[in-house]
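The values are calculated or read from the model by the stated rules, or taken from the named source; none is laboratory data. Everything quoted here is computed from the prediction, not taken from an experiment. Please note: Cβ atoms are built from the backbone with ideal geometry, for glycine as well, and neighbour counts cover all protein chains shown.
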Amino acid sequence: MTRKRVGVLISGRGSNLQALVDAAQAPDYPAEILLVISNVPGAQGLARADEAGIAALAINHKDFASREDFDTVLNETLKQAEIDILCNAGFLRLHTPGFVRAWYNRHLNIHPSLLPAFKGLHTHERVLAEGVKISGCSVHFVREEMDTGPIVAQAAVPVLEGDTPDRLAARVLEAEHHLYPHALGLVASGAVRVEGKRVIGTTQQYRQSMLFSPALSGALY
Ligand code: GAR
């Protein structure tokens, strides 16, 4: 098995990065994490990469005159490292159209809602304000518009009485840590292809795994 060469883009804590790094320790995982780039110097995720022995660098977007200039350097750095698949893991910056084109269908993002609902920032606050009962997270291929693109897999997470944004975020994050390695595994192993707005799976493995619904343990009321 040839493992796909993966780069991860982060801006902060990097807990999803950690989940990907941990999953890629398994010898039969179809991807290896080879490069981590943060647009924020000093991001916690860079230290996680260092600790795992993965090349980690900060490319500060503030050092560039334009989004295009930043994305050009980002793209060149990834190309130089011969990255096959790019994963945004809490990378809180919009890409330029040219960058999106360069990584088309090889570029994933994780978002902490059941897309297409609740795109953007302050997701959990808005989920609670709308009174929805089920939230979750989604891994999707990146397109120009933020948090948009063909969905690879989603996990459903209950919203519970008394939830605060932080409590809900923590419950969703736990699901993210299962979902992202799973979704990257599907993409890296070639178990999916993109058809228009949809991700189509050809294997039984994929059909059974489009939606996670973490078991609800104990009574909810
Ligand atoms: C995660 O919850 C991720 O889904 C979210 O940022 C957090 C990063 O946490 N991403 C977005 O909201 C993208 N629109 P992490 O740095 O610990 O992985």
In segment 12-33, what residues are within 21 Å of residue 77 (Cα to Cα) and surrounded by fewer than 19 Cβ atoms within 10 Å (Cβ to Cβ)? 12, 32
For residue 17, work out the one condition from (1) touching a residue at least 40 places away in the same chain (Cβ under 8 Å); (2) away from the ligand (no atom under 13 Å from the Cβ); (3) out of contact with any Phe, Trp or Tyr (no Cβ under 8 Å at 6 or more places or on another chain); (4) among the aliphatic types (A, V, I, L, M) it doesn't fulfil. (2)
Mind listing whichever residues of segment 75-99 are touching a residue at least 60 places away in the same chain (Cβ under 8 Å) and more than 16 Å from the ligand (Cβ to nearest atom)? 78, 81, 82, 83, 84, 85
State whether one or more residues within segment 122-143 are under 30 Å from residue 68 (Cα atoms), of a type outside the set (S, T, N, Q), in contact with a His (Cβ under 9 Å, 6 or more places away or on another chain) and near the ligand (Cβ under 10 Å from one of its atoms). yes
Specify which of the listed residues (129, 58, 65) is more than 17 Å from the chain's Cα centre (by Cα), under 19 Å from residue 15 (Cβ atoms), surrounded by fewer than 17 Cβ atoms within 10 Å (Cβ to Cβ) and at pLDDT 95 or above. 58
